[in-house]
Amino acid sequence: MRRLLIVPLLLLVASLGHGAGGILIKDVFRTLPDSLMPYLTANNRLDFIDFLDSGMKAEVKNNLGGSSQMTALTADSLSIRMSDALRVDMLLLPPESPAGSDSIVCLVETFGTDSLSLQSVVSYFTTQWQRLSAQPPLRAADKRRIDALKLQTILKWNDEVLKKN
């Protein structure tokens, strides 16, 4: 009888590990199509992860001849300075409801070199990189995380204005 209970319990634990909580941003980043991030090759993306996992500076030569650096990598987010004019942030967001089937990838691209004229573009994808046509329903905490990435440009602008006065 005990064996009959152990097998289903092990299957349940294994399936929970592959749900929304078990997926990591670096796993999703590895499968990113080249068309969404033409600056980097698939090998560049893998190198970023390997360098950070090894405690090294994650900097690679990009497809435009410059250098790109992954500046942060956590279980559910990453940040890359693609060039002096482009920063990319990715967030792996859980579905709004526990019954939701898939996590959501939020891609925030911030363009500009002058802190007074930065602009952010936010896109949403499934973890299989299917673009979502509209903003999906998000938890309040996740909306605040996305807004904080977009607000960084405003804070930088305010810092510059304060320094000039």
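Since every read-out is calculated from the coordinates, none of them should be taken as a lab result. These numbers come from a predicted model, not from an experiment. Cβ sites come from the backbone with ideal geometry, for glycine too, and all protein chains shown count toward neighbours.
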Asp76 long-range amide H proximity, modeled H, under 5 Å
Ile25
Percentage, to the nearest whole number, of Cα pairs in the range 38-88 over 13 Å apart:
52
Taking 45 Å as R0, compute the FRET efficiency from the Cβ-Cβ separation of Lys150 and Asp50 and round it to 0.05.
0.90
Around Ser67, with a cut-off of 15 angstrom between Cβ atoms, what is the net charge of the other residues, counting Lys and Arg +1 and Asp and Glu -1?
+2
All aspartates and glutamates inside 12 Å of Lys150 as judged from Cα atoms, apart from same-chain residues fewer than 8 positions distant
Asp89, Glu109
